[in-house]
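Notes follow once the structure below has been shown.
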Amino acid sequence: TFTILVVQRTRTLALARCIGATRKQVRRSVLGEALIAGLIGSVVGTALGIGVTQLMLMGLKAAGSPIDTSVSVTVTSCIIPILVGVVVTTLAALPPARRATKVTPVVALQPVTETPTRKIGRVRVGFGTLLFLAGTALVITCATSDMETKNAVMCGVAGGFISFAGVLVLAPVLIGSLGRAIGVARPGGIPGELAIENTQRNPRRTATTASALLIGVTLIATVATGAATGRASIGNMMNGHFPVDATVRAQGPLNNATIGDVKRSDGVWQVATVTTVPGTVEAGGKATKVAVQAASPEFPKVVRDESAAKGLDDSHAVGALPGAADGSKITVTVNGKKANLTLVRHGKDNEGLIVTQGILTKLAPHAQPTEIQVRYQDGTDQSKATQALSKSMSTHPGVTVTSSADQKAQMDKIINIMLGMVVGLLVISVIIAIVGVANTLGLSVVERTREIGLLRALGLTRAQVRSMFGKEALMLSGIAAILGIALGIGYGIAGSHALFGSLMTVETSVPWLQLLIVALVAVLAGWLASVIPGRRGATIKPAVALAEE
């Protein structure tokens, strides 16, 4: 922004130099403006931040979170953001201020021209490549090693910063190469060719413009991928430990009336009865006491973890026994009656052995069901289904209802709330990136006034000028979205492995629909940023633009 202001007021500053203003005075004028702008913006931003925080707390309270809705405002929470805003704005104005003092009055009074800087040093490429490879190696190591969760996350974050710093250093090369690749297709006719040429003139400035949007898209893609992977991993873990949505247990045998009421309860899709009797299993010459559980034929439809019932039939039993491998021959004994089966290993040792109802009928003909496992209808409100089931069971003495679906729904709710808050904050970075794209295109209009006038004189219409700026913005935002989503997917998956790897099996999940929406929003935002600069460029008249001053 200050670069644009300095370029637009080059002649004004030069005139001030001609009538006696010193370089220090010119520098102080630019820095003084930055100080005032930073102070005003920081005060307004702090006030808005307090208001937004209050709205977020009220929203969380309305969503059922047990939190206080009053914002705690302290002197520190007001002074720190104001100081940061003022310092950052002043630092941002230093390069333009220094640039303004180096221009001599005579040169500054000449027409503003842009000096193309197409070359990118080998040192920059080598340093950026080294940073990216080192950071990526650190991220992969933290994601795949057996470190403690805290250390893995800290090292992974450090590796992410290092690798992303390498991407930013290499941005002029990456964005320039992708821009040239797009140019091979020659999209959009003459305006498209001019837009591609404009992105190649100053790779560093082009990369700076796209980097702001790249950061925002990368962060959003990282959070979205991490949340999706975390949700899938936690869901699989919950399904492994609690493979059914709800369990109905009784102190004694369950009668047909209780089973029928469970089936008729609102939200229930499928039920399976389980009969449990004490028994002994002999495997490899070693006898182990286990709880032998017989599941009704509906059991495979009830469990959400398909592996819990995989391989179960009249010749196979599912479970885990100490020292017994998958496929081992076992002998199940109940009340002196025996059955020879093959073990399908699943779960943890001594958690129980699952057999079919037909096998248990041979071993314990008079055993009655003591448990009902329930699966809710997909898409139903699980908490309401649990309430309905508990209400229908309230008329049956000694019957209790335990729901793991509620626990999974609560964890999903927590993840969604955290994801919403983080994405809401990251959207601000995208808005800032839009301002950056608009500023760069605005500077391009100022620097290429004579060029645009020449193009208009040669027959380029106003619509084509607007199209040229629009295509340039679309190209920059599209490249930033592609790179950001690719990096975000990698960071999100690696972060999930570092965070959950020591606790559970990580199930990778990429939210492609959400990422597609992010890409479309980024591209649309980039195009919107080009509207005002495009209109300004289209209003340039050939005669005025080509006139010598």
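The values are calculated or read from the model by the stated rules, or taken from the named source; none is laboratory data. Quick caveat: nothing in here was measured; it's all calculated off a predicted structure. Virtual Cβ from ideal backbone geometry, glycine too; neighbours counted across all protein chains shown. Accessible surface areas use protein heavy atoms only, side chains included; no ligands, DNA or RNA. Shrake-Rupley method; radii C 1.70, N 1.55, O 1.52, S 1.80 Å.
Give or take rounding to whole Å, what are the principal axis extents of the alpha carbon atoms in region 297-338, in descending order?
32, 24, 15
Give, in nm to one decimal, the length gained when the segment between residue 157 and residue 141 is fully stretched (0.36 nm per residue of separation minus the Cα-Cα distance).
The span from residue 157 to residue 141 would gain 4.6 nm if fully extended.
Hey, any idea what % of the chain's accessible area is carbon plus sulfur with a 1.4 Å probe?
64 percent
Any idea how far the Cα center of region 69-87 sits from the one of region 361-415, in Å?
49 Å
Within 10 Å, count the other beta carbons around each residue, average over each peptide in 358-370, 211-223, 382-394, and list them highest first.
On the way: 358-370: 16.1, 211-223: 24.7, 382-394: 18.0.
Per-residue mean Cβ counts within 10 Å order the peptides as 211-223, 382-394, 358-370.
Heavy atoms only, probe 1.4 angstrom, no DNA, RNA or ligands counted: give me 540, 79, 67 ranked by accessible area, highest first. Write out the running numbers ahead of the final one.
Numbers: 540 25, 79 85, 67 60 Å².
Solvent-accessible surface, decreasing: 79, 67, 540.
Bin by bin, in steps of 10 Å, what percent of the Cα pairs in region 367-429 do you find, going until the bin that has the longest distance?
18, 34, 24, 14, 7, 3, 0
Provide Rg and Dmax in Å for the chain, with only Cα atoms included in the calculation.
When restricted to the Cα atoms of the chain, Rg and Dmax are 33.5, 113 Å.
Reachable lysines from residue 329, Cα under 30 Å, same-chain residues fewer than 8 places away excluded?
286, 289, 301, 310, 337, 338, 348, 362
Give me P(r) over region 231-331, computed from all C-alpha to C-alpha distances, binned every 10 Å, as integer percentages.
Answer for region 231-331: a P(r) of 12, 37, 35, 14, 2 percent.
Among the lysines, which fall within straight-line cross-link reach of residue 24, defined as a Cα-Cα distance under 21 Å, with same-chain neighbours fewer than 8 residues apart omitted?
102
Note the direction-averaged projected area, equal to a quarter of the hull surface, for the Cα convex hull of region 421-526, in nm².
Values: hull surface 33.7 nm².
Computed as one quarter of the Cα hull surface, the answer is 8.4 nm².
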